[in-house]
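Asker: Pasting in a structure now, in structure tokens, and then I'll have a few things to ask.
The values are calculated or read from the model by the stated rules, or taken from the named source; none is laboratory data. It should be emphasised that the depicted structure is a prediction, and the values quoted were computed from it without experimental measurement. Here the Cβ is made from the backbone with ideal geometry for all residues, glycine too, and neighbour counts use every protein chain on show.
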Amino acid sequence: MKIILFNVVMLFFIDCYAQIPEIVRQQCYPDPLVNSNYQTIAQTENGYILGVGINNGNNASNYHGSADIWIIVTDSSFNTIWERCYGGSDTDNPNEIVKITESEYYIFGSTSSTDGDVQSGNNGFNDIWVVKINIQGDIIWENTYGCPGYDEIRDFILTPDGGFVMIDRIGSAGGDVSQYYGNGDVWMCKCDSLGNIEWEKTLGNQGVDNCVSMIVNVAGNIMMIGTVQQHGGMVDCYPHPGGGDVWIVELDLEGNIVSQYCYGGSHYEFGYSIIEIENGYIFMGETYSNDGDVSGLHGSPGEGSDIWVVRLNEQFGIIWQKCIGG
């Protein structure tokens, strides 16, 4: 019988030299055929809350069929306090568990179901599914979001009002999506603490547009990073011809665009993550170029890629950039 193995690892560093991580504690759980692409963990006041996607109901309570979200709440020693499945008779998978308070949590995931715990309907194909639960596992509310085409939730942030902003890659208009430019767009949605949509916005144009992650900066604005292919639509920066550029969009919490920037060369670049530091930002992505904003690529442009790390000032100008690879 397979098992799920969760390791709690503490890393100890002396000066700048990293030692081998020490396993402090580990716990095995009977495996009801886990989908390894969907696993998440968050800390509770007295332990942990674990979430995995499962493909059968062995050893799991309240299994609905096909693929469900399996939630396990444990104490600090990883002993199970309670466990149960969330979902319907079709495919349901978790993306992340986010702590709101000590007693309430959001489960961000996806669903193709229209029954069981999924009572909010379905816009078509595969929707974003957000479930708010208490620490006892009771559903406070649940809601689906998206369009009749595909929806791929990418990231989310909590907002001061107890709600959240999430970004999604969409394949059509309709449902909750008011606009679609074509070839895959970025959809951003702000919801209140009850899951009601306060505003939604499509980012992109008729090229291929993608999003990966976002943060909130010290000014209280949303910083989204992804990839854009061309100028036009709502894209007012100019990607380098020949591929796609790293795309950074800054928006306020009302969904208004504050600024946006493109970085790259004549081949493809992909933006993955961004952090704010003193006097600016650092973003990490991937590049196939060795021109434009990029220098130092290892290998032939257009054929192999490097990790691309870029330091920006507060005005989003490049201070330095570095290609990491071989």
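Asker: Got a sec? Which of Gly47, Gly87 is within 22 Å of Thr114 (Cα to Cα), within 25 Å of the chain's Cα centre (by Cα) and not hydrophobic (A, V, I, L, M, F, W, C)?
Answerer: Result of the check over Gly47, Gly87: Gly87.
Asker: Shifting gears a bit: Based on what the data block shows, is Val130 β-branched (Val, Ile, Thr), under 22 Å from Tyr38 (Cα atoms) and touching a residue at least 24 places away in the same chain (Cβ under 8 Å)?
Answerer: The answer is yes for Val130.
Asker: Another question, if that's okay. Please verify whether Leu203 is aliphatic (A, V, I, L, M), within 18 Å of the chain's Cα centre (by Cα) and not assigned by TED's automatic domain parsing to the domain that holds Ile128, treating the condition exactly as stated.
Answerer: Against the criterion (aliphatic (A, V, I, L, M), within 18 Å of the chain's Cα centre (by Cα) and not assigned by TED's automatic domain parsing to the domain that holds Ile128), Leu203 qualifies.
Asker: Sticking with this structure for a sec: Here is a check on your reading of the model: is Val208 among the β-branched types (Val, Ile, Thr), at pLDDT below 95 and assigned to a loop (DSSP other than H, G, I, E, B)?
Answerer: Taking the combined requirement at face value, the residue satisfies it.
Asker: Now, a different point. Cβ-Cβ under 8 Å, sequence separation 6+ or interchain: first residue in region 185-203 and on the phi > 0 side of the Ramachandran plot, partner surrounded by fewer than 18 Cβ atoms within 10 Å (Cβ to Cβ) and outside any loop (DSSP other than H, G, I, E, B). Which pairs?
Answerer: Pairs found: Gly195/Trp141.
Asker: Please go through region 116-140 and pick out each residue that is outside any strand (DSSP E or B), out of contact with any His (no Cβ under 8 Å at 6 or more places or on another chain) and surrounded by fewer than 22 Cβ atoms within 10 Å (Cβ to Cβ).
Answerer: Gln119, Ser120, Gly121, Asn122, Asn123, Gly124, Phe125, Ile135, Gln136, Gly137, Asp138
Asker: Within region 248-255, can one find any residue that is over 17 Å from Ala219 (Cβ atoms) and in the same structural domain as Met214 (by TED's automatic domain parsing)?
Answerer: No.
Asker: If you don't mind, there's one more thing I want to ask. In region 65-115, how many residues are surrounded by 21 or more Cβ atoms within 10 Å (Cβ to Cβ), touching a Gly at 6+ places or on another chain (Cβ under 6 Å), over 24 Å from Cys28 (Cα atoms) and touching a residue at least 40 places away in the same chain (Cβ under 8 Å)?
Answerer: 1
Here's the yes/no breakdown for (1) modelled with pLDDT of 95 or more; (2) crowded, with 22+ Cβ neighbours inside 10 Å:
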residue: Tyr238; (1), (2): no, no
residue: Ile248; (1), (2): yes, yes
residue: Tyr261; (1), (2): yes, no
residue: Gly264; (1), (2): yes, yes
residue: Gly271; (1), (2): yes, yes
residue: Glu278; (1), (2): yes, no
residue: Ile282; (1), (2): yes, no
residue: Gly292; (1), (2): yes, no
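Asker: When residues of region 306-326 are filtered for being touching a residue at least 24 places away in the same chain (Cβ under 8 Å) and under 20 Å from Val228 (Cβ atoms), how many remain?
Answerer: Selection size over region 306-326: 7.
Asker: Next up: Just for region 141-158: of the residues that are in a loop (DSSP other than H, G, I, E, B) and at pLDDT 95 or above, which one is surrounded by the most Cβ atoms within 10 Å (Cβ to Cβ)?
Answerer: Gly146
Asker: Restricting attention to region 121-168, which residues are touching a Cys at 6+ places or on another chain (Cβ under 6 Å) and of a type in the set (D, E, K, R)?
Answerer: Within region 121-168, just Arg154 meets the criteria.
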